Amino acid sequence: MIDDTIAAIATPLGEGGIGIVRISGPSAIDVAKKIFKAKYNNEWYSGPGFRITYGHVIDNTSGEIVDEVLLSLMLRPKSFTGEDVVEINCHGGILPLKKILHLSLNNGARLGEPGEFSKRAFLNGKLDLAQAESIIDVIRSKTDAGLKISINQLQGKLSQKIYSLQEELLNMLAQIEAVIDFPEDDIDETSLKHINTQSQVVLNNIENLIKNADSGRIYREGVRTVIVGKPNVGKSSLLNALLKENRAIVTEIPGTTRDIIEEFINIKGIPLKIIDTAGLRKTEDIVEKIGVERSKEIINNADLILFVIDASEGITNEDYEIIKLLKNNNVIVIVNKIDINSSFNINELKNEFKDTYITEISALHNMGLEKLEQEIVEKVMGGQVSVDDQLLVTNMRHKHALDKARLHIIEVINGINNGVPGDLISIDIKSAWEALGEITGSAVSEDIIDKIFNEFCIGK
Ligand code: GDP
């Protein structure tokens with residue numbers, strides 16, 4: 001049982017219509033009683049359920065009105081955290097929010113740590129770990145498709161799948177342990193066969209989840225994309241043309257040495273994360289600007305490379321220098337400026353790039369871009385972008401847990417096939433169960449829990 005009460009500002013600090021200070025814990029109502037005065041309903045805190053009350057936050061040392069507010073009361077256990085929650089909806093300016101927060105802290109609450117509201121929701125059994133993690137993904141979604149996947153996870157779709165696999169494992173464990181408990185009954189062939197089949201089913205399910213995890217990561221983190229080409233081929237023009245048609249989402253991450261700007265372009269639901277945009281914008285050749293080694297590194301770390309060639313110049317030595325760096329099959333070759341030279345012969349390129357798209361466009365005149373976008377989607381997703389009911393693992397922590405579970409199940413199957421004693425097989429079944437439990441939080445250490453919630457923002 002958590003016995004203290006936390007408070008934090010739950011909305012971004014800045015100017016906005018509304019700002020919210022959230023208070024959660026056993027004395028949330030007591031804290032609010034000290035700083036909130038209702039306009040009409042003095043008994044705002046009595047009665048069951050949820051309600052919103054109009055009134056003022058008063059500085060109880062000076063008696064001054066701090067702001068005109070709406071107070072939402074959500075009683076335990078049906079609130080987000082499972083505790084009594086008070087949310088004070090004030091005007092969305094830095095000062096009212098800070099003053100109300102300070103008053104809450106001076107009247108019995110302590111400052112909530114990052115993610116502490118969600119952590120309480122988890123500890124109180126309102127959400128499992130996978131659901132809690134999906135909250136960040138919902139907040140950070142880059143495209144509609146990504147949002148859909150995160151909402152599915154928040155609704156518990158991934159968790160249900162994991163729970164059903166865990167149940168299957170428990171079932172297998174019960175059968176094995178019956179054999180261990182009564183060793184005089186020889187373990188019979190049919191029950192072994194049965195466990196083997198069950199293991200295979202669990203293994204297939206896990207492998208499917210792992211297989212889709214790469215697409216999941218793409219929705220969550222974006223496709224790391226780099227546009228390369230010698231100077232003046234039209235890299236910036238291409239970027240601008242893609243940006244013009246598609247909403248760009250720019251997030252600034254205050255970094256340690258410099259602020260990194262991440263720019264996302266939404267291509268038919270897939271977020272492309274453009275790497276090193278600042279460098280590209282200056283129309284300088286990245287190879288020339290940052291050196292071959294660093295270029296290689298960027299190219300090797302990219303999920304997708306858009307290699308731009310100038311149709312009006314043909315393929316030059318400079319282009320060949322870049323082609324040498326492009327060993328992977330994650331390249332789309334873009335022949336730009338076909339408005340100037342529509343008779344560019346792509347056969348030579350076909351020799352260099354056998355298994356990929358070579359596509360002709362004019363970035364300046366918006367020609368060929370629709371086809372290019374389709375090719376990007378196909379390259380990234382194998383043509384599939386519909387995510388209606390798909391269960392996608394988007395989180396690498398979950399993928400690692402699935403990888404672990406997979407190895408244990410394989411051990412179970414090998415063990416059965418090789419006549420390994422039941423008690424050894426049962427250890428692997430338990431380990432597989434625990435690995436899956438890391439996803440939902442049914443088997444996870446406190447350190448991991450702390451680490452996960454620390455990634456959240458304050459007030460969430
Ligand atoms: P970067 O150095 O690779 O980023 O190239 P820019 O995007 O700055 O383009 C260099 C020049 O080529 C600019 O004058 C562009 O207007 C021009 N340009 C870019 N794309 C096209 C195109 O499709 N057709 C024509 N005719 N000119 C283009």
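Taken over segment 301-357, the residue count meeting the criterion of being within 16 Å of the ligand (Cβ to nearest atom) and part of a strand (DSSP E or B) is 11.
Within segment 122-159, restricting attention to residues that are in a helix (DSSP H, G or I) and charged (D, E, K, R), the residue that is surrounded by the most Cβ atoms within 10 Å (Cβ to Cβ) is Glu133.
Checking the stated criteria, Val86 turns out to be in a strand (DSSP E or B), modelled with pLDDT of 95 or more and within 29 Å of the chain's Cα centre (by Cα). When we screen Ile261, Ile187, Ile227 for residues that are modelled with pLDDT of 80 or more and either surrounded by 13 or more Cβ atoms within 10 Å (Cβ to Cβ) or within 20 Å of the chain's Cα centre (by Cα) (or both), the only hit is Ile227. Just a yes or no: is a residue in segment 231-248 in contact with a Phe, Trp or Tyr (Cβ under 7 Å, 6 or more places away or on another chain), outside any helix (DSSP H, G or I) and at pLDDT 80 or above? Within segment 231-248, none of the residues are in contact with a Phe, Trp or Tyr (Cβ under 7 Å, 6 or more places away or on another chain), outside any helix (DSSP H, G or I) and at pLDDT 80 or above.
Restricting Leu364, Leu349 to those that are touching a residue at least 24 places away in the same chain (Cβ under 8 Å), surrounded by fewer than 16 Cβ atoms within 10 Å (Cβ to Cβ) and not basic (Lys, Arg) reduces the list to Leu364.
Taken residue by residue, segment 416-427 has no member that is under 21 Å from the mean Cα position of the chain (by Cα) and of a type in the set (D, E, K, R).
Listed conditions (1) of a type in the set (Val, Ile, Thr); (2) more than 16 Å from the ligand (Cβ to nearest atom); (3) crowded, with 18+ Cβ neighbours inside 10 Å are all met by Val420, apart from (3).
The values are calculated or read from the model by the stated rules, or taken from the named source; none is laboratory data. All values derive from a computational prediction rather than experimental measurement. When we count neighbours, we look across all protein chains shown, and the Cβ atoms used for this are built from the backbone with ideal geometry, even at glycine.
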